[in-house]
1. Restrict the check to segment 95-109 and report whether at least one residue is within 17 Å of residue 54 (Cβ to Cβ) and either at pLDDT 95 or above or open to solvent by less than 40 Å² (accessible area, probe 1.4 Å) (or both).
2. Considering only segment 106-175, give the helices (runs of 4 or more DSSP H) lying wholly within it that have at least 3 residues that are in contact (Cβ under 8 Å) with a residue 60 or more places away in the chain.
3. Of the residues 48, 14, only one is assigned to a helix (DSSP H, G or I) and open to solvent by 20 Å² or more (accessible area, probe 1.4 Å); which?
4. State all residues of segment 1-26 that are modelled with pLDDT under 90 and within 29 Å of residue 162 (Cβ to Cβ); if no residue qualifies, say none.
5. Taking segment 51-74 on its own, how many of its residues are assigned to a loop (DSSP other than H, G, I, E, B), among the hydrophobic types (A, V, I, L, M, F, W, C) and open to solvent by 20 Å² or more (accessible area, probe 1.4 Å)?
6. Which one of these is assigned to a loop (DSSP other than H, G, I, E, B), of a type in the set (S, T, N, Q) and surrounded by 19 or more Cβ atoms within 10 Å (Cβ to Cβ): 43, 26?
7. Answer yes if at least one residue in segment 75-88 is open to solvent by 10 Å² or more (accessible area, probe 1.4 Å), modelled with pLDDT of 95 or more and within 18 Å of residue 127 (Cβ to Cβ), and no otherwise.
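The values are calculated or read from the model by the stated rules, or taken from the named source; none is laboratory data. Just so it is clear, the structure is predicted and the values come from calculations on it, not from any experiment. When we count neighbours, we look across all protein chains shown, and the Cβ atoms used for this are built from the backbone with ideal geometry, even at glycine. Ligands, DNA and RNA are excluded from the accessible area calculation, which covers all protein heavy atoms including side chains. Shrake-Rupley method; radii C 1.70, N 1.55, O 1.52, S 1.80 Å.
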Amino acid sequence: TADPVFSIENFNREKGRKILNAFGITDTDKGIIGVSVRKTKDTGNDFEETLANICDYIIEKYNHNIVFIPMQTNKDEGVSRSIMARMKNRSYIIDKRLSVENTISVISATEGCIGMRLHSLIYAAIANVPLMGISYDPKIKGFLDYTNQTIYSNIDELDVEKGCKMADEMLINKEELKKHLNAQYEILKEKARKNGEIAVTLYEKGSVDLEK
């Protein structure tokens, strides 16, 4: 089926804007790109410098704000702040843990999402936000392939030139990408709904014992 999170509907762009305001991002009409990264064996100085340059490129070419959105604050904030420190331009960070609904609301208020964390990409798909994936694990590429998303790079193949080209593709073609994402979302939402039906069927067949 699909991740149960695809059945979540209690989010909206206006709520996301209010949350961003609370974290100091008040010029939300400027356009925002969300960035969700995590620490891995491949996120050393070279990766941080590369992503910092890509973020600066987006700010300077598209006049968008960059907002780092840690999915796991205690694990992701450090690498996020390290990239921020390498940037020439100002960026922002959501440095408090948000609920799933509020996180999706924040992402829904962005123009695009650069994501390493699987759920940042899932949330972008739910919010119909164009996404750019950085794959450090087969599950990332698997999700992107499953949803027919082509704007991504393996982490060990990412460089500034490639990243900037992907950012261009994401932002220049955002309206077409949103139409495609919306179609995929409706399919995944229906698949997520089937989780409950399957669980009930298994219980009725005696395959699941809720007493244990």
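1. Within segment 95-109 (the criterion being within 17 Å of residue 54 (Cβ to Cβ) and either at pLDDT 95 or above or open to solvent by less than 40 Å² (accessible area, probe 1.4 Å) (or both)), the answer is no, since none of the residues qualifies.
2. Details: elements: 118-126, 138-146, 160-172.
Answer list for segment 106-175: 118-126, 160-172.
3. Values: 48 fails: open to solvent by 20 Å² or more (accessible area, probe 1.4 Å).
So the residue among 48, 14 that is assigned to a helix (DSSP H, G or I) and open to solvent by 20 Å² or more (accessible area, probe 1.4 Å) is 14.
4. Here is the first cut: in segment 1-26, the residues modelled with pLDDT under 90 are 1-12, 26.
If the condition is that a residue be modelled with pLDDT under 90 and within 29 Å of residue 162 (Cβ to Cβ), then 3 is the only one that fits.
5. To start, the set of residues in segment 51-74 that are assigned to a loop (DSSP other than H, G, I, E, B) comprises 63-64, 69-72.
So of that shortlist, the ones also among the hydrophobic types (A, V, I, L, M, F, W, C) come out as 69, 71.
Retained after the next criterion (residues that are open to solvent by 20 Å² or more (accessible area, probe 1.4 Å)): 71.
Summing the residues that are assigned to a loop (DSSP other than H, G, I, E, B), among the hydrophobic types (A, V, I, L, M, F, W, C) and open to solvent by 20 Å² or more (accessible area, probe 1.4 Å) in segment 51-74 gives 1.
6. Working: 26 fails: surrounded by 19 or more Cβ atoms within 10 Å (Cβ to Cβ).
Sole residue among the options that is assigned to a loop (DSSP other than H, G, I, E, B), of a type in the set (S, T, N, Q) and surrounded by 19 or more Cβ atoms within 10 Å (Cβ to Cβ): 43.
7. So in segment 75-88, the residues open to solvent by 10 Å² or more (accessible area, probe 1.4 Å) come out as 75, 77-78, 81-82, 84-88.
From the residues that got through so far, the ones that are modelled with pLDDT of 95 or more too are 77-78, 81-82, 84-88.
If we keep only those that are within 18 Å of residue 127 (Cβ to Cβ) as well, we get none.
No, every residue in segment 75-88 fails to be open to solvent by 10 Å² or more (accessible area, probe 1.4 Å), modelled with pLDDT of 95 or more and within 18 Å of residue 127 (Cβ to Cβ).
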